[in-house]
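The structure under discussion appears below in the form of structure tokens.
The values are calculated or read from the model by the stated rules, or taken from the named source; none is laboratory data. Note that the structure is a prediction, hence the values are computed from the model and not measured. Cβ atoms come from the backbone with ideal geometry, glycine included; neighbour counts cover every protein chain shown. Heavy atoms of the whole protein, side chains included, go into the accessibility calculation; ligands, DNA and RNA do not. Shrake-Rupley method; radii C 1.70, N 1.55, O 1.52, S 1.80 Å.
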Amino acid sequence: MNHAARTAVYKQIESERKTKILALVTGERVGLETQIARDAVGPFVSLLDQIGPTPKISLILDTNGGQTSAAWRLINLIRSFCDELEVIIPTKAMSAGTLMALGADRIVMTKQAALGPIDPSLDGHPLSPEVTGPTGQKLRLSVSAEAIRGYLDEVKKDVNGPEALASVWMHLANQIHPVVLGDIFRLGGQIRAMATELIKRQVPDSAKQADIIQLLCSDSGSHDFTINRRKAAEIGLNVEKPSAALYGLLSQIIKSYEGELATFQPFSFGSLLGGQTQANFKLVRGLVESSQDCYGFVTEGTVALNPVNQQQVNHQTDFEGWRKLP
């Protein structure tokens, strides 16, 4: 099933829920993972301009997260086109996806759907600690806010006095560059401010807002912590259980996404050759779509056997970004 086939399903949901459908899917095929990023704004603007101002929009969200600034911009962009916004989560909306869900009037979650913590992490920062990868390449470690906080909380249990605490900070700054520490704590404050603003329509009570954000930013303890439908309702989010009919339609859609993005197929550039010595390739790695049009995040280029050592495969990327798909 491709977008042309999904259109019929989208239109059925639109008719039953009196809404307009948008979808954001970030791929998780190993080696071709994608994230929510600022470059998704363009496709969303194009689709929203087609839809125009409308009473209700339903955003189907399937993502492991990405840039929080992009999530903030996207959810506010969508809200500017509708009076009512619901986020539908068939399987997961983690990290920045959870931040987007907080900005909805309600969250429709299947029995297997999951939200997650919104604490920040810095990936690939040029000043992050460096390690050697399995093939000898130099890699920058991801630095997470909860890892730093967990370290400090544990050390403080055995530290007495300002001098000892200053020594702890000095040791930490020798392991992780102070600029990285500053960025991670700045991002933490920024995310709390974003979440506080977004959650107001869904959770009017300010005390409950604070409790939810504290759980999502700190008290969950790990970025791998997941929040299922029951827990999401318990902590005070406005959660709706899909009907049996909607659940069936969402199951079809998710299988379609997984097929189009080849989610469970092992990836290697050599597999793109198909018995040839050289081939062009086009890999669809993410989707932004409505019931009218579809944009894919694609990587295009060429792959070829190394003429000297045919055990090696060379590849060249000629384009990477969003394209309108047929």
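Tabulated values for the structure
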| quantity | calculated |
| --- | --- |
| Alpha carbon centroid spacing (whole Å) that separates the range 251-316 from the range 159-231 | 37 |
| The range 149-244: C-alpha gyration tensor shape, a/c 1.5 cut-off, then a/b vs b/c | prolate |
| Lys, Arg +1 and Asp, Glu -1 on Cβ, resulting dipole of the range 15-133 about Cα centre, debye, nearest 20 | 380 |
| DSSP-defined antiparallel bridges as percent of all bridges, the chain, nearest 5 | 60 |
| Surface/4 estimate of mean projected area, convex hull on alpha-carbon atoms of the range 189-268, nm² | 8.1 |
| Per residue accessible area of the range 56-99, 1.4 Å probe, in Å² | 24 |
| Dimensionless Rg over Rh [the range 12-81; C-alpha; Kirkwood] | 1.00 |
| Value at 222 nm in deg cm²/dmol, rounded to 500, when DSSP H runs of n ≥ 4 in the chain each add -39,500 (n - 2.57) | -12000 deg cm²/dmol |
| Where the range 184-326 is the region considered: accessible area per residue in Å², 1.4 Å probe | 54 |
| Gyration tensor verdict on the range 138-183 (Cα atoms; rounded if a/c is under 1.5, prolate if a/b is larger than b/c, oblate otherwise) | prolate |
| Distant-in-sequence amide H partners of LYS92 (H built 1.01 Å from N, under 5 Å) | THR63, ALA114 |
| Exposed-site-free run, longest, the chain (rule: trypsin sites (Lys or Arg not before Pro); DSSP loop; at most 14 other C-beta within 10 Å) | 201-326 |
| Given (i) 63, 47, 36; (ii) 63, 58, 38; (iii) 66, 63, 31, the label whose value is Cα extents along the principal axes in Å derived from this model | (iii) |
| Heavy-atom accessible surface of the chain: percent carbon and sulfur, 1.4 Å | 51 |
| Which of GLY150, VAL203, ILE176, positive extreme of dipole for the range 145-218 (C-beta unit charges) | VAL203 |
| Pairs beyond 21 Å (Cα-Cα), from LYS157/LYS231; LYS92/LYS138; LYS11/LYS282; LYS20/LYS200; LYS111/LYS255 | LYS157/LYS231; LYS92/LYS138; LYS11/LYS282; LYS20/LYS200 |
| Selected from ASP62, ASP83, ASP105 as most flexible by GNM, with the chain as the system and alpha-carbon contacts under 10 Å | ASP83 |
| Dimensions (Å) - the range 2-128, Cα atoms, principal axes, largest first | 50, 28, 26 |
| Rounded, prolate or oblate (a/c below 1.5 giving rounded, otherwise prolate when a/b exceeds b/c) for the range 37-76 by Cα gyration tensor | prolate |
